[in-house]
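Taking it in order: structure first as structure tokens, then the write-up.
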Amino acid sequence: MSKHFDALKTHLDRAMALKTALALFEWDNETLAPKEAGELTGNVIGILSGEYFQAVNNDQVKELVKACKEDGTLTLEETAQVRELSNELEKLECIPKEEYQEFARLVSDSARIWAAAKEADDFGKFAPILKKVIEFQKKFAGYQAKEEQKKYDVLLHEYEPGFTIELLDEFFGLIKKEVVPLLKAVKASKVLIRDDFLTGDFSDAQQEKIGRFLAEYVGFDFSKGVMATSAHPFTTNLHNKDVRITTHYNDNLDSSLFSVIHEAGHAVYELGICDDLTQTLAGQGASMGMHESQSRFFENIIGRSKSFWVPIYEKLQEAFPESLFDIGLDMFVRAVNKAEPGLIRTEADELTYSLHVLIRYELEKELIEGELAVEDLPKMWADKYEEYLGIRPESDKEGVLQDIHWSQGSFGYFPSYALGSAFGAQLYYHMKKEMDFDGLLEDGKVGAIREYLKEHIHQYGKLKDSRTILKDTTGEDFNPEYYIKYLKEKYQDLYHLQ
Ligand code: ZN
């Protein structure tokens, strides 16, 4: 090992340990921590965060990063860690410390004010602080921008390196051109899909039992992970021997079933990262979009296919006999694929989902690069829903206030959700050429599909970015046409459109 990297590693290990502790607190906060714990635990989190900041952001580390960059003997894995750290430092360095701290305070207020405004269904209460958050984001992006780089491009880069406004305009342009008319055709079709049996009074215990079964079935290893409940399902990754998922139980059976498969998809990614990378800065998923591609691949492409349920549908029927005993497999699969425009992104089906993201992309791009005023957001939001989905929110709560992202200063994050679906479709069509995809699922061999994904994607962590992964795996750069093809084939068939 290079002596420079060896010296740097002491600092990296310390930072990693602090980061792991912080992640564990975050997990605990959302799952098991008692209600009263917040404030005092907050003190601990504050101290640990400060320590983390110090551990990576000091002169010794900066010297060592410089030395490592000039050192020609680093391995691929080491080079990736130095690159990640160097990016992090560059970002911190260009922002004055006082402004950074002011922003941290602002977003914690902002998230709270957003929650209250949403509760009160009043965008006016949130607008003033949102304006400040946007000001900061523009200022910070300006500090980081290289030469002629646009501010929104700087923000996009943070979540999805390799993707720019230019590329995303093309991608979302295609979605607008193809998915909006496809949805219109679906709505106009006379085909009615029954899904009433997915709503009911399902016991939490039964949902948990089947949830654990499904998670394990797609490859979540309970000796290296746990499953808990939380208000919104999420995945916490500590290292490749400890990945945690959550789910929620309500009166929609499909909601818990598919959120378990979704989070298990995120977890399978993290569990598959190779031992040389785990517990390092390069030991997470390649990007937001690539992560989402894997969770959605498991949830939608695998989990909502008929082949997936062939070997296990009986088990589901046995778990919920009152609702499912006279519902055949075909009827069940049609129900979990039903498309219906709704106002809430997180509840959207596969067809309408990308339209929710398209709307957010267009709006946040205008907020950062264009002239869109915060006051005009609710109306613009509603107009776009009417134009693309044919429905109009009657309240801020169901409209512009529904997502937490902007209150946290996360601009540039939303596109990753739609990119994830598109990456997944591109991988899917390639894999169908390489293996008998449906045959494997019908035989209950999800493992063969998972191993392929591990070999081509998961094991690499952040060694490759998403476009490189797509190129190396499918032989082609990002190509959104596969996503359109996937949606067309699926929904034209489901709604007898041809
Ligand atoms: Zn996800």
- Which value, in debye to the nearest 20, describes the size of the charge dipole of the range 387-498 about its Cα centre when Lys and Arg Cβ atoms bear +1, Asp and Glu Cβ atoms bear -1, and nothing else is charged? 260
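Chymotrypsin sites (Phe, Trp or Tyr not before Pro) within the range 179-223: which are DSSP loop residues with at most 10 other Cβ atoms inside 10 Å? It would help to have the intermediate numbers written out before the result.
Values: sites: PHE197, PHE202, PHE213, TYR217, PHE220, PHE222; in loops: PHE202, PHE220, PHE222.
Qualifying residues, ordered by number: PHE222.
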- Message: Over the Cα atoms of the chain, what radius of gyration and what Dmax do you get, in Å?
- Response: 23.0, 70
- Task: Rounded, prolate or oblate: pick one for the range 183-314, where a ≥ b ≥ c are the square roots of the eigenvalues of its C-alpha gyration tensor, a/c under 1.5 means rounded, and failing that, prolate if a/b is larger than b/c, else oblate.
- Result: prolate
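Past 26 Å, Cα to Cα, is the threshold; run LYS19/LYS118; LYS338/LYS485; LYS97/LYS397; LYS138/LYS177; LYS379/LYS485 against it and keep the listed order. List each step's numbers first, then the result.
Values: LYS19/LYS118 31 Å; LYS338/LYS485 18 Å; LYS97/LYS397 35 Å; LYS138/LYS177 30 Å; LYS379/LYS485 33 Å.
Beyond 26 Å between Cα atoms: LYS19/LYS118; LYS97/LYS397; LYS138/LYS177; LYS379/LYS485.
Report the FRET efficiency, 1/(1 + (r/R0)^6), for GLN54 and GLU442, where r is their Cβ-Cβ distance and R0 is 51 Å, rounded to 0.05.
Once rounded, the FRET efficiency stands at 0.40.
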- Query: Label ALA33 and GLU63 with points 7 Å out from Cα along Cα→Cβ: what is the distance between them in nm?
  - Reply: 3.7
- Task: Treating the angle as unsigned and between 0 and 90°, give the value, to the nearest 10°, between the Cα long axis of helix 97-120 and the longest Cα principal axis of the chain.
- Result: 20
- Taking only the alpha-carbon positions of the range 228-267 and ignoring solvent, what does the Debye formula give for the base-10 log of I(q)/I(0) at q = 0.25 Å⁻¹? -0.77
- Query: Mind checking which aspartates and glutamates have their C-alpha under 16 Å from LYS488, skipping anything on the same chain fewer than 8 residues away?
  - Reply: GLU178, GLU340, ASP349, GLU350
- Query: Going by average Cβ neighbours within 10 Å, how do the peptides 168-174, 253-259 rank, with the highest at the top?
  - Reply: 253-259, 168-174
- Message: I'd like the orientation of helix 481-494 relative to the chain: the angle between its Cα long axis and the longest Cα principal axis, in ° from 0 to 90, rounded to 10.
- Response: 20
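Go ahead and run the numbers for FRET between THR164 and THR468, Cβ-Cβ distance against an R0 of 22 Å, rounding to 0.05.
On the way: r = 16 Å, r/R0 = 0.72.
FRET efficiency, THR164 to THR468: 0.90.
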- Given the protein chains as shown and a 1.4 Å probe, how many square angstrom of ASP443 are accessible, to the nearest 10? 110
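Largest first and in whole Å, give the semi-axes of the range 1-119's equivalent ellipsoid, each being the square root of 5 times a Cα gyration tensor eigenvalue. Can you show the working numbers first?
Numbers: eigenvalues 222, 60, 29 Å².
Equivalent ellipsoid semi-axes, largest first: 33, 17, 12 Å.
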- Task: Could you run the Debye sum over the Cα atoms of the range 105-239, one equal point scatterer each and no solvent, and tell me log10 of I(q)/I(0) at q = 0.12 Å⁻¹, two decimals?
- Result: -1.08
- Tilt relative to the chain, helix 446-456 - C-alpha long axis, 0 to 90 degrees, to 10: 30
- Please list, or write none, the aspartates and glutamates whose alpha carbon is within less than 15 Å of the alpha carbon of LYS66, excluding same-chain residues fewer than 8 places away. ASP6, GLU78, GLU84, GLU88, GLU90, GLU93
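Set the Förster distance to 41 Å, then compute FRET efficiency between LYS433 and GLU208 from the Cβ-Cβ distance, nearest 0.05.
Numbers: r = 38 Å, r/R0 = 0.93.
Calculated value: 0.60.
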- Can you give the Rg and Dmax of the range 445-498 based on its C-alpha atoms, in angstrom? 14.8, 44
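Quick one: dipole size for the chain, taken about the Cα centre, charges +1 on Lys/Arg Cβ and -1 on Asp/Glu Cβ, in debye to the nearest 20. Mind showing how you got there, number by number?
Numbers: 58 positive and 88 negative charges, 77 e Å.
Approximately 380 debye in magnitude.
What's the ranking of 42-51, 230-239 by average number of surrounding C-beta atoms within 10 Å, highest first? Walk me through the intermediate numbers first.
Working: 42-51: 12.9, 230-239: 18.2.
Answer by packing, highest mean first, reads 230-239, 42-51.
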- Cleavage-rule hits, trypsin sites (Lys or Arg not before Pro), the range 421-454, DSSP coil, Cβ neighbours within 10 Å at most 15: LYS445
- Among rounded, prolate and oblate, which fits the range 331-433 when a ≥ b ≥ c are the square roots of the eigenvalues of its C-alpha gyration tensor, a/c under 1.5 means rounded, and a/b larger than b/c means prolate? oblate
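For the range 41-162, which whole-number percentage of the solvent-accessible area (1.4 Å probe, protein heavy atoms only) is attributable to carbon and sulfur atoms? Walk me through the numbers on the way to the answer.
Working: 3500 of 6860 Å².
Carbon with sulfur: 51 percent of the solvent-accessible area.
Roll a 1.4 angstrom probe over the protein heavy atoms and tell me the percent of accessible area of the range 334-425 that is carbon or sulfur.
Details: 1290 of 2980 Å².
That share works out to 43 percent.
Using a 1.4 Å probe over the heavy atoms of the protein chains, calculate the carbon and sulfur portion of the accessible area of the range 214-308 as a whole percent.
Details: 1220 of 2690 Å².
Carbon plus sulfur share of accessible area: 45 percent.
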- At 1.4 Å probe size, with every protein chain present, just tell me what the per residue accessible area of the chain comes to in Å². 46
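Cβ under 10 Å from TYR52's Cβ, TYR52 left aside: what net charge do those residues give with Lys, Arg +1 and Asp, Glu -1? Please report the intermediate quantities before stating the final value.
Numbers: positive: ARG14, LYS19; negative: GLU51.
So the environment of TYR52 carries a net charge of +1.
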- With 5 Å bins from zero, work out the P(r) of the range 326-371 over every alpha carbon pair and list the percent per bin. 5, 20, 18, 14, 14, 12, 6, 4, 3, 3, 1, 0
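GluC sites (Glu not before Pro), restricted to the range 391-498: which are DSSP loop and have at most 15 other Cβ atoms within 10 Å?
Numbers: sites: GLU394, GLU398, GLU434, GLU442, GLU451, GLU455, GLU476, GLU481, GLU489; in loops: GLU394, GLU398, GLU476.
Here the sparse-neighbourhood loop sites are GLU394, GLU476.
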- Task: Consider just the alpha-carbon atoms of the range 61-127 and return their Rg together with their Dmax, both in angstrom.
- Result: 19.6, 58
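The values are calculated or read from the model by the stated rules, or taken from the named source; none is laboratory data. Please read these numbers as outputs of a predicted model, since none were measured by experiment. Cβ sites come from the backbone with ideal geometry, for glycine too, and all protein chains shown count toward neighbours. Protein only, heavy atoms only, side chains kept; ligands, DNA and RNA dropped before computing areas. Shrake-Rupley method; radii C 1.70, N 1.55, O 1.52, S 1.80 Å.
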